[in-house]
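> Structure in structure tokens, see below.
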Amino acid sequence: MADLLLELFGEEIPARMQARAVEELEGAVHSGIKAAGLDFDDSERFVTPRRITLAIYGLPKRQPDTSVEKRGPRVDAPDKAIAGFVKSVAIPKQNLEQRKLDKGTFYFAVLHNEGQRTADVMASLLPKAIAAVPWPKSMKWSDHQLRWVRPLHRILCLLDGARVPFEFGHLTSGDETEGHRFLAPESFSVTDVADYKKRIAKAFVMLNADDRRALIENDARAVTASEGLTVKLDAALVAENAGLVEWPVVHMGCIDAEFMDVPPEVLTTAMGSHQKYFSAVTPDGALSPRFVMVSNMVTQDGGARIVAGNERVLRARLADAKFFWLQDRRRTLESRVDDLKQMVFHAELGSLAEKSDRIAKLAAEITNYVDGADSATATRAAFLCKADLTSGMVGEFPELQGVMGRYYAHHDGEDDSVAEAIADHYSPQGPNDRCPNAPISICVALADKIDTLVGFFGINEKPTGSKDPFALRRAALGVIRLILENRLRIPLLPIFEVAESLFDKQDLGTGRPLLGFIAERLRVHLRGQGIRHDLVSAVFSTLADDDLVRMSFKISALQNFLAGDDGANLLTAYRRASKIVGIEERRDGTSYTPEIDTQILEAPEEINLFEKLDTADDLIAQALRAERYDQAMATTASLRPSVDDFFDRVTVNCEAPKQRQNRLRLLARIRASLDSVADFSKIEG
């Protein structure tokens, strides 16, 4: 067995592209190997800023030999047909086999194909696999025709210790690579995977991205702990730093005291988003005047000059931030609202000033459904919520929209609930984001998202497939979380109508389609919480209800009901009744309604079932009105014995036409009774 080593070495690959690139390369090579009839034991993939490496273990040294049989014409076929077959298989006629089949005796050719050397197979498939790696952006350089994410310098490829020669663009594969750009820039040759790993580590290259992440986390904790601080480790920022260095070295620097009066969110954003630094906090949770950085160098001075250089760069960045902080507060948020007229929300939906006006009116309407929410306060918060978009700070740091609005609102003397609503109104922005729970924040956040959904649905800019350029799925999830997590009893359809009326366009007609879209997102949301999607469909099937909290209660009760034997067996009976009625309706060309002629009820079992259904329907209706869904489910479960007796002892398709029709109506009554709780036909399993 043999091992394959492939390394693509070049200039620094953007960190965000590395993981997918090495995964795509591995997948393409695996597919090529399997298509060639080869197998392997295991594989490893590695990626650093300057190299993509793939190791395939346990490859056979040759392809297996294969035999293929081809049937030709009958032996008594015309000579021309036989000659054509002989030519196509390139086997003399006397070497063909004759086999007797049902339809006569036929010529057969057995073609034996000798397997290629695996090295030759790899030389053919690897250039195709490398070319198949998709890059979000690629480039050409020098006078080469090759396109790649960054200039490629070398390709290393070995199989069983021997070079696998192939060409890719202007490069020819070899057995050499290079180490760290500065710490070990000399090229060197390797003999196999083990030798490669050993020598590349000595050349100051940490191949495994997980190892680099772990080292960064551990050293960052250690260096901050030495001063009694705690580093704030964001997983995405750790991964990005690991994608920027081949030999991570962690240092800690200082933030000048003059910048510590700038809001901590500004400092952490400037450090994290722009400089890729980590912030550190004191034991009481306050931001400390320290930052943690990751270098790609080992220096004789212990990193002193590197730290000094990064402190100088950060000082300039924070000086800009402090300038914006001081300048922005010279104007009130209210004075900035008029500037929103110059900022387009969408060409067909107006400016951000118009959106703010719509949000204010819609938020006031929503206060009717949120305990503790004052209409005037919600209107004020919504009126100001987009104003910070015109500030210099948000222009420089877009991530701080809303956050800076809160600071500026406090500075202007606005009510605390107004300031918090400005900061919260973009939330939640995902399944794990914090969901606002303050009354005014809820109203403004809901109004913002519903205005966006109604507007884009109104101009037919709905998500299609994987495309969602206006993040409407995220907005719908935000609406769902705000309502469910705050237990808001808010009817969505009337709110959609109010939102529609605030646009200049008439008759947008978004209500039902938008409610269906939200139902689909609710299905995804609840599935993430372990609730079956078909139960959501069963409850939402008619879109007759637009109260998400009521729907969630009903879904939970339905799930508990079906988990028991009574629920499962009653579901079976429902399906049996529905199937019989459906078949007979198609046969008779009619629809059987649940109205029963009590005068011709004959068998004790059908009389008992009718009485049970009559009583149950009233009890179910009362329970549903009172939102006692567990009680409604329990009432349906009480029908099970009567339904079982009916099916066991009563013949539905009897000889008497009137009785047959009456019994089919009784089955339709079973279906209608259960469907008053949920559409049981949507339930799977």
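> Do we find that Gly303 is of a type outside the set (Lys, Arg), modelled with pLDDT under 95 and open to solvent by less than 40 Å² (accessible area, probe 1.4 Å) in this structure?
Here the answer is yes, as Gly303 does meet what is asked.
> Can you tell me which condition Val110 does not meet? The list is (1) surrounded by 16 or more Cβ atoms within 10 Å (Cβ to Cβ); (2) over 50 Å from the mean Cα position of the chain (by Cα); (3) aliphatic (A, V, I, L, M), and all the others hold.
(1)
> Being out of contact with any Ser or Thr (no Cβ under 8 Å at 6 or more places or on another chain) and open to solvent by 10 Å² or more (accessible area, probe 1.4 Å) is the requirement here; does Pro49 meet it?
no
> In addition: If the Cβ limit is 9 Å and pairs must be 6+ apart or interchain, which residue in the range 2-30 that is in contact (Cβ under 8 Å) with a residue 12 or more places away in the chain and of a type in the set (S, T, N, Q) pairs with which residue that is in a helix (DSSP H, G or I) and open to solvent by 20 Å² or more (accessible area, probe 1.4 Å)?
These pairs meet every condition: Gln18/Ala209.
So that you can scan it fast, the table gives a plain yes or no per residue for (1) surrounded by fewer than 19 Cβ atoms within 10 Å (Cβ to Cβ); (2) part of a loop (DSSP other than H, G, I, E, B); (3) hydroxyl-bearing (Ser, Thr, Tyr); (4) at pLDDT 90 or above:
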position: Gly455; (1), (2), (3), (4): no, no, no, yes
position: Ile490; (1), (2), (3), (4): no, yes, no, yes
position: Leu526; (1), (2), (3), (4): no, no, no, no
position: Leu535; (1), (2), (3), (4): no, no, no, no
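> Also, I was wondering about something else. Just one of Ala280, Ala319 is of a type in the set (Gly, Ala, Ser) and not in a strand (DSSP E or B); which is it?
From the options Ala280, Ala319, the qualifying one is Ala319.
> Looking at the range 615-649, which of its residues are among the hydrophobic types (A, V, I, L, M, F, W, C) and open to solvent by less than 40 Å² (accessible area, probe 1.4 Å)?
The answer is Ala616, Ile620, Ala621, Ala623, Leu624, Ala632, Met633, Ala637, Leu639, Val643, Phe646, Phe647.
> Any residue in the range 283-306 that is more than 15 Å from Val245 (Cα to Cα) and free of Cβ contacts under 8 Å to residues at least 12 places away in the same chain sitting within a Cβ distance under 9 Å of a residue that is open to solvent by less than 40 Å² (accessible area, probe 1.4 Å) and not β-branched (Val, Ile, Thr)? List the pairs, counting only those 6 or more apart or interchain.
Note: pairs meeting the criteria are Gly302/His251; Ala304/His251.
> From Asp451, Asp433, which residue is under 21 Å from Glu520 (Cα atoms), without any contact (Cβ under 8 Å) to a residue 24 or more places away in the chain and charged (D, E, K, R)?
Exactly one residue qualifies, and that residue is Asp433.
> Val549 - would you say it is open to solvent by less than 30 Å² (accessible area, probe 1.4 Å), assigned to a helix (DSSP H, G or I) and within 21 Å of Asp679 (Cβ to Cβ)?
Criteria met by Val549.
> Could you list, in sequence order, the residues of the range 248-272 that are touching a residue at least 60 places away in the same chain (Cβ under 8 Å), more than 15 Å from Arg315 (Cα to Cα) and open to solvent by 20 Å² or more (accessible area, probe 1.4 Å)?
Glu265
> Sticking with this structure for a sec: From Asp41, Asp3, grab the single residue that is open to solvent by 10 Å² or more (accessible area, probe 1.4 Å), under 26 Å from Gly179 (Cα atoms) and out of contact with any Ser or Thr (no Cβ under 8 Å at 6 or more places or on another chain).
Exactly one residue qualifies, and that residue is Asp3.
> Yes or no: the range 593-614 includes at least one residue that is among the charged types (D, E, K, R), outside any helix (DSSP H, G or I) and surrounded by 19 or more Cβ atoms within 10 Å (Cβ to Cβ).
No - not one qualifying residue is present in the range 593-614.
> Could I ask something else about it? Out of the residues in the range 562-589 that are within 30 Å of Leu493 (Cβ to Cβ) and open to solvent by 20 Å² or more (accessible area, probe 1.4 Å), state the one that is modelled with the highest pLDDT.
The qualifying residue modelled with the highest pLDDT is Ser578.
The values are calculated or read from the model by the stated rules, or taken from the named source; none is laboratory data. No experiment lies behind these values; they were computed from the predicted model shown. Cβ coordinates were reconstructed from backbone atoms using ideal geometry, including for glycine residues, and neighbour counts include every protein chain displayed. In case anyone asks, the SASA skips ligands and DNA or RNA and just uses the protein heavy atoms, side chains included. Shrake-Rupley method; radii C 1.70, N 1.55, O 1.52, S 1.80 Å.
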